[in-house]
Every structure is written in C-alpha cells, then in structure tokens.
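Working notes, structure below.
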Amino acid sequence: MNNSVRNTARLLGAGLRALLVLTVVCGVIYPLVVTGIAQAAFHDKANGSEVKADGEPVGSALLGQSYSLDKQDKDGNPLPDPKFFQGRPSAAGPNTENTRYKLVVSGASNLAADSKVLLDSVQQRRADVAAFNGVSPSAVPVDALTASASGLDPDISPAYARLQADRVAKANGLPAERVRKLVEDHVAGRVLGFMGEEHVNVLELNVALRELAKG
C-alpha cells in the first residue's frame with residue numbers, strides 16, 4: 001500500500017513538473033521568441049500591415065475599405081465618393097456595389113458563372129462605373145465588374161486605377177497629369193517579376209491622394 005501511494009505521488013510529481021516545464025517553454029518562451037523574430041524581421045507584416053496618415057493608422061494594406069458619401073441611392077446603397085479611388089465590388093453584405101466593405105462579413109456570392117443574377121449585376125456595374133467615371137462601358141476593366149472571393153480585396157488593376165484618375169483629379173481640383181503620375185507611382189509589379197499580376201493598393205493610393213490634395 002505504501003509503495004502504491006509513493007508510486008502514485010511520484011507519477012503525479014513528474015506530471016506536474018512536465019506540465020510546468022511545457023507551460024513555460026510552449027506558453028512563454030516560444031511565443032516570445034516567435035514574436036521577437038517577427039518584430040525584428042517582419043515588423044510591418046507582424047503588426048497587420050498598417051497604413052498610416054499623419055502618423056495615425058487608417059487601415060491595413062491587406063483589407064479594402066469603402067469610400068462613400070453620406071448619401072444613398074434609390075435602393076438604399078451608399079453612393080461612392082467621387083473624390084476617391086474606388087475598390088472592387090464586394091459580394092459581402094447587403095450591398096452589391098463598389099462600396100460594400102464590411103469587416104464583419106467576408107465571402108463571395110457563390111453565384112454560378114451562368115447565373116442571370118450575376119450577369120445582370122455585372123451589366124449594371126458596367127453601366128454604373130462607366131457613368132460615374134465618364135467613360136465608355138467598353139473601357140471598364142473586368143475587376144471593376146466582378147467581386148473578389150473574400151469581398152475585402154484591397155487591390156485593383158492598374159487599368160481600373162487609370163480609368164478613375166481623371167474623375168478623381170476633377171473632383172479634387174487637381175491637375176490630371178499629377179493624379180495620373182500618382183497612380184503610376186503606386187503600381188506594384190509581379191512578385192519576383194513573374195508571379196501574380198500588377199496591382200494598385202487602393203488605401204495606399206487614397207492616402208497619397210489626400211497628401212497631394214493638401215499640398
């Protein structure tokens with residue numbers, strides 16, 4: 001009986017010591033080491049890829065934002081602000097137009113490629129984007145018509161950014177040449193020169209636009 005009690009106590013002691021060691025190693029030392037490496041080697045990414053304006057965070061380069069007026073259309077959707085570059089359409093939330101970026105909702109529409117609802121929405125977006133920017137419907141690029149899978153895409157194609165440049169310049173009272181140059185300065189190339197596509201981060205572009213408008 002005494003041996004059984006001693007064996008049980010020894011096993012419990014060994015278990016508690018292992019628990020303590022693993023708690024310290026896995027719960028304290030390992031997180032601190034990983035956090036330290038992340039902060040030293042990938043500081044920007046480790047902190048959420050923050051984008052700042054006037055020294056204050058205004059969002060993340062990984063998440064799209066809406067740029068809309070305090071007005072709504074006949075369907076109750078917020079109207080896009082002509083002073084800013086607009087992102088891609090978002091299929092998340094109750095709205096189906098370009099200004100639907102709700103962080104509480106992320107996802108695609110799940111509509112089939114031959115869905116009449118999808119095709120009708122694409123045609124409506126084409127007409128809306130063309131009218132909003134004063135261009136021909138045939139000039140509207142595909143990323144202005146189709147929603148991203150996440151509904152929170154932060155990037156647009158250079159073609160869509162260039163299409164919006166004249167409208168943004170006029171709305172802000174800026175020379176069109178300067179706004180076009182701003183767009184070109186924010187075109188990010190392919191990863192390693194061959195992976196992915198060229199793109200423009202809308203938040204970073206609009207932050208730079210605000211600085212340009214101030215000057």
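A short reminder: the numbers here are calculations on the coordinates, not readings from a lab. Quantities reported herein were computed from a predicted structural model and do not represent experimental measurements. For neighbour counting, all protein chains shown are included, and Cβ atoms are generated from backbone atoms with ideal geometry for every residue, glycine included.
For residue 79, nonlocal amide neighbours, meaning residues 5 or more places apart or on other chains whose placed amide H falls under 5 Å from its own, are 69, 71, 72, 73. When the C-alpha to C-alpha distance is required to be over 31 Å, the pairs from 45/214; 45/181; 52/181; 116/181; 71/214; 74/170 that qualify are 116/181. Dipole magnitude for the chain: computed about the Cα centre from +1 point charges on Lys and Arg Cβ and -1 point charges on Asp and Glu Cβ, it is near 660 debye. Here the Gaussian network model covers the chain, with springs between Cα atoms less than 10 Å apart; of 29, 156, 37, 29 fluctuates the most.
Any idea what angle helix 158-172 forms with the longest principal axis of the chain, computed on alpha-carbon atoms, 0 to 90 degrees, nearest 10? That works out to roughly 70 degrees. From the largest down, region 118-215 spans 43, 36, 21 angstrom on the principal axes of its Cα atoms. Across 60, 115, 148, mean-square fluctuation computed from a Gaussian network of the chain (C-alpha pairs under 10 Å connected) peaks at 115. Rg then Dmax, both in Å and based on the Cα atoms of the chain: 25.3, 93. Projecting the Cα atoms of 14, 133, 183 onto the dipole axis of the chain, where Lys and Arg carry +1 and Asp and Glu carry -1 at the beta carbon, places 14 farthest toward the positive end.
Residues considered: 46, 130, 147. Largest GNM mean-square fluctuation over the chain, using C-alpha springs under 10 Å, is found at 46.
Calculated mean residue ellipticity, 222 nm, the chain: -14000 deg cm²/dmol, from DSSP H runs (n ≥ 4) at -39500 (n - 2.57) each, averaged per residue and rounded to 500. For region 162-215, applying the loop criterion from DSSP together with a ceiling of 11 other beta carbons within 10 Å to the trypsin sites (Lys or Arg not before Pro) yields 190.
Summary: within the chain, the longest segment free of GluC sites (Glu not before Pro) located in DSSP loops with at most 13 other C-beta atoms within 10 Å is 1-196.
Within the chain, the longest run free of chymotrypsin sites (Phe, Trp or Tyr not before Pro) that sit in a DSSP loop with at most 14 other Cβ atoms within 10 Å is 43-193. Simple rule: put +1 on each Lys or Arg Cβ and -1 on each Asp or Glu Cβ in the chain, find the dipole, and look at 148, 27, 172; the Cα lying farthest toward the positive end is 27.
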